[in-house]
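The values are calculated or read from the model by the stated rules, or taken from the named source; none is laboratory data. From a predicted model like this one, the values you see are computed outputs, not experimental measurements. For neighbour counting, all protein chains shown are included, and Cβ atoms are generated from backbone atoms with ideal geometry for every residue, glycine included. We work out accessible area using only protein heavy atoms, side chains counted, and drop any ligands, DNA or RNA first. Shrake-Rupley method; radii C 1.70, N 1.55, O 1.52, S 1.80 Å.
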Amino acid sequence: MRLLLWRHGRTTWNDAGRFQGHADAPLDATGRAQVAAVAPLIRGMNPELVVSSDLQRCRDTAAGLDLPFRTDPRLREIDLGGWSGLTGAEAAERFPAEDRAWRAGEDVRRGGGETYREVAARAGTLLDEIRAEGVPTEPDGLIVFVLHGGTGRSLIGHVLGLPPELWWHFGPLANCRWSQLRLAEGGFRLTEHNAGPLLPGKIGATGSGLSESFLPSQGGPAGSDTEAVHLPK
């Protein structure tokens, strides 16, 4: 089987550099254009099953496939509690200890929300249930999860059997890009990460449309809901 993890298109909060978590910010015009550009490529892969986070930004992204899909709250982004709606600078000011721990690579519970380990457990349970249902029916059949940056990275680390302290090695998924895993003898393998066409709109500081993946502690540009985002002064 193959598992494709597709992150939602850009939202109004992505553009403003605000942490989202469980907040339900909608796609902006660029996000809708991204979905229109990428959806035909994924539809052409003939997925057997599409499951989306129940948040609006993912539901609207999944709808662009023009295929049946179901929603599941277990694919939601990490719950960021009191961090939700803040910029990186605001979060660092209001939650300095959590911010320092997170930037040091700790799987810290931010703003009273979740840990990445907890996110991986809920998303992994969904995947286990789907496989127990006998989906996909073909050995090389494709399942598509439409989800969020933090959820995608957590699920990748989980299915590869890596400890959470190593998950930050996977750069954040940019808006409307995907990662793909293939189940082979011995377990899952990551075959694609941050894949997809060049898209409209600025992603990262270069404005090139390409994702640039930096660790939170490196202070570089990032396109994930849950990476540090400091707005330019």
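If I model a spin label at R70 and D128 as a point 7 Å from the Cα along the Cα→Cβ vector, what separation in nanometres do I get?
It is 1.8 nm.
Accessible area per residue for the stretch 44-195 in Å², computed with a 1.4 Å probe and the full protein assembly in place, what is it?
Values: 6410 Å² over 152 residues.
Accessible surface, normalised per residue, equals 42 Å².
Would you mind computing, in nm to one decimal, how far apart the modelled labels at A195 and D15 are, each placed 7 Å from Cα along Cα→Cβ?
Those two pseudo-labels are separated by 3.0 nm.
Report the FRET efficiency, 1/(1 + (r/R0)^6), for R117 and D54, where r is their Cβ-Cβ distance and R0 is 22 Å, rounded to 0.05.
The pair R117/D54 has a calculated efficiency of 0.55.
Of all the accessible heavy-atom surface of the stretch 106-186, with the other protein chains kept in place and a 1.4 Å probe, what percent is carbon and sulfur? Before the final figure, lay out each step's value.
Numbers: 1630 of 3200 Å².
Within the stretch 106-186, the accessible surface is 51 percent carbon and sulfur.
Once the other residues with Cβ under 12 Å from the Cβ of E192 are scored (Lys, Arg +1; Asp, Glu -1), what is the net sum? Provide the component values of the computation, followed by the final result.
Values: positive: R2, R177, R182, R189; negative: none.
Surrounding charge for E192 is +4.
How many angstrom lie between the Cα centre of the stretch 140-175 and the Cα centre of the stretch 108-131?
Rounded to whole Å, the Cα centres lie 11 Å apart.
Points 7 angstrom from Cα along the Cβ direction at A89 and D24: gap in nanometres?
The two pseudo-label positions are separated by 3.1 nm.
For the stretch 62-144, state which GluC sites (Glu not before Pro) are in a DSSP loop and have at most 12 other beta carbons lying within 10 Å of their beta carbon.
E133
Taking the highest mean first, how do the peptides 52-60, 166-174, 141-149, 39-47 order by number of other beta carbon atoms within 10 angstrom per residue?
Output ranking for 52-60, 166-174, 141-149, 39-47: 141-149, 52-60, 166-174, 39-47.
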